[in-house]
Structure formats: C-alpha cells, structure tokens
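Take a look at the structure set out below.
The values are calculated or read from the model by the stated rules, or taken from the named source; none is laboratory data. The structure presented is a predicted model; accordingly, all values stated were derived computationally and were not measured. Here the Cβ positions follow ideal geometry from the backbone for every residue, glycine too, while neighbour counts run over all protein chains shown.
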Amino acid sequence: MEYHGFINDMLDVKILILFVTDRLLHPVRLQTLYELCMQDDKLSYFSVVEAVPEMVEAGQLSETEDGFVITEKGRELALITKDSLAFPVAQRAARAVERFNQGLRRDSFIRTEVLEQPRGDALAVMRLDDEMGNLITIEYACPSPRQAALLTRAFPARAEKLYRLITETLTAKDAEPEQP
C-alpha cells in the first residue's frame, strides 16, 4: 500500500517533534506526543519512539517525571527549522497542539476533592476558577464518600454548564424577591 504524506525521513520526524513541543504548555508523555505529531500519513509511532531518545541525547528534549519537554537548544532549532516543515502538516499540528493546550488550561481551572466527615458521610467540594480567581465553590453534603466521589468525577465535564445554570437561575426575572 502506498502512503501519501510529507514526512520522508527521520529529519522530518524530528523537525515535526520540535515544532510540536515548542508550542506545548506542559511536558507530555510519549503517546501524547505521538498523537499530536500524527498529522501525516507517513509518520509512524515507531519513528517517534526512535526519534525522541535521540533528541533527548542530543539535548533538544528533556525527560521529566511528567513527560518530555523541549530544551532551550531545541527551541533554537525549532525556530531555525520551522519553515522546512510542510505547510499542511504544520497547520494540522498547530491546531492539534492548540486544542491540547486549551484542554490543559481548562483543566487547571477545575478542582475537586472529597472530604470524609467523622460521622461517615462526606463533603464533595467542587471549584471552578478563571484567570482572576475563584468563580464558584460548591460544597455538597453526601451520605457517603462513594456518592461524593461520583459527584466530583462528574463535575469537570459539566462545570461551566453548571455555573451558567446557577447564574441564570439566580438572575432570572422571576427569581427577584418581591418588595413589600
């Protein structure tokens, strides 16, 4: 089967990895790096697996406990080589990284915890923040730590929707108390 794409050799793979890691906000695991780079039919997982250790050894990437991150040397090379990356691949990779970074930013604004109480019940604490600080904190009393855990696991997917619903409910015309 013939593959169509722009990635032709290991140098192209490394340039793409530099392009992607230069735009990331945080270190990423190898699998995530591959998924972000997978913007060309000719790129294989094995090429990325081969390239990354070579790039670490060359000082272009660094491995932390959270994953791989670009080094200053890597940033300089990314700046020099970014124009040699095929335009369609660069566009797709840039969009993939932006979506990934947006997800990371969003996740950093949502915090949850379960506080077990002495009586055996629990408190589900769910917070939604923005760049300026806390928007809303919900402390939900639950009969068991299990139920509190269910709420805190569901909250991240619905945090903004819940915040809007509460705001709309509290500011609705019929919600205003009548004046005597």
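Given the criteria under 21 Å from residue 156 (Cβ atoms) and outside the structural domain of residue 146 (by TED's automatic domain parsing), does residue 25 qualify? So that I can check it myself, show each step before the final result.
Working: under 21 Å from residue 156 (Cβ atoms): yes; outside the structural domain of residue 146 (by TED's automatic domain parsing): yes.
Against the criterion (under 21 Å from residue 156 (Cβ atoms) and outside the structural domain of residue 146 (by TED's automatic domain parsing)), residue 25 qualifies.
Contact list please: Cβ distance under 6 Å, first residue in segment 60-89 and within 13 Å of residue 14 (Cα to Cα) and assigned by TED's automatic domain parsing to the domain that holds residue 32, second residue surrounded by fewer than 18 Cβ atoms within 10 Å (Cβ to Cβ) and among the charged types (D, E, K, R), pairs at least six apart or on different chains.
60/73; 70/22; 75/22; 78/22
Across segment 57-73, what is the total count of residues that are in contact with a strand residue (DSSP E or B) (Cβ under 8 Å, 6 or more places away or on another chain) and over 19 Å from residue 35 (Cα atoms)?
Summing the residues that are in contact with a strand residue (DSSP E or B) (Cβ under 8 Å, 6 or more places away or on another chain) and over 19 Å from residue 35 (Cα atoms) in segment 57-73 gives 2.
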